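Single-structure report; data block below.
The values are calculated or read from the model by the stated rules, or taken from the named source; none is laboratory data. All values derive from a computational prediction rather than experimental measurement. In this analysis, Cβ positions are derived from the backbone assuming ideal geometry, glycine residues included, and neighbour counts consider all displayed protein chains. SASA here: full protein model, heavy atoms, side chains in, ligands and nucleic acids out. Shrake-Rupley method; radii C 1.70, N 1.55, O 1.52, S 1.80 Å.
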Amino acid sequence: AHPDPARWGLEVIASMLPWQPVIDGDVVPGHPIDLIAAGAAAGVDVMVGSNTDDWTLFVAANGSFERVTQETLTGPVTAHGFETALAYGLSGRDVDAYRAAYPEAGPGELLAAIETDWWCRLPALRLAEAHAPAPSGTYMYEFAWPAPGLGACHALEIGFVFDTLDLGLNQMLGPLLAGAPQALADAMHGTWV
């Protein structure tokens, strides 16, 4: 409802979930990002972050990599069953900036980068910025280890965070973790703990 990036926060991430917190005036008395900026979480350490290629998982799952063209990327808000750059309040100049930042990316990869920023990276940055003045800790991460074909996609870090690479296929995104470096899981799990 609010394409202005200055308003992005936790409510943006939650907006795609079927069950989510609502502002009820009691348990959640206002917009979470505003409450955090006002000090509601001042005594709570916060760790927030995203994966470098978070949204590639979803773009690949709905077939958009193959269907997005340069024309449809900047076309109507929805085209061929997927959202386009205009759905995120971006202009042609904004899309050109993404093209300049990712010169080797095709249209589907550009859409994934835009959606990664919209749904994951920018809300995480906004949360960290809102919490940073608090006396408690504010920690950020970016998970960047690339799985073949999907990069550092959404949820790929879970096997590293919980040090469960030894579970192989018996975990979420198990096939993508083949050949994952145990040393990275050791370091990440140890750091997060």
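Tabulated results
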item	result
Mean separation of Cα contacts under 8 Å, 6 or more apart, over the residue count of the range 55-170: relative contact order %	27 percent
Accessible surface of Asp34 - all protein chains present, 1.4 Å probe, nearest 10 Å²	90 Å²
Efficiency of FRET between Leu169 and Gln70 - r from beta-carbon atoms, R0 35 angstrom, step 0.05	0.40
Arg99 accessible area, assembled protein chains, probe 1.4 Å, Å²	70 Å²
Unit Cα scatterers, Debye sum, the range 65-184: log10 I(q)/I(0) for q = 0.17, 0.20, 0.21 Å⁻¹	-0.98, -1.09, -1.12
Candidate residues Ser136, Ser91: accessible-area rank, largest first, probe 1.4 Å	Ser91, Ser136
Helix-only mean residue ellipticity at 222 nm for the chain, each DSSP H run of n ≥ 4 adding -39500 (n - 2.57), per residue, nearest 500	-9000 deg cm²/dmol
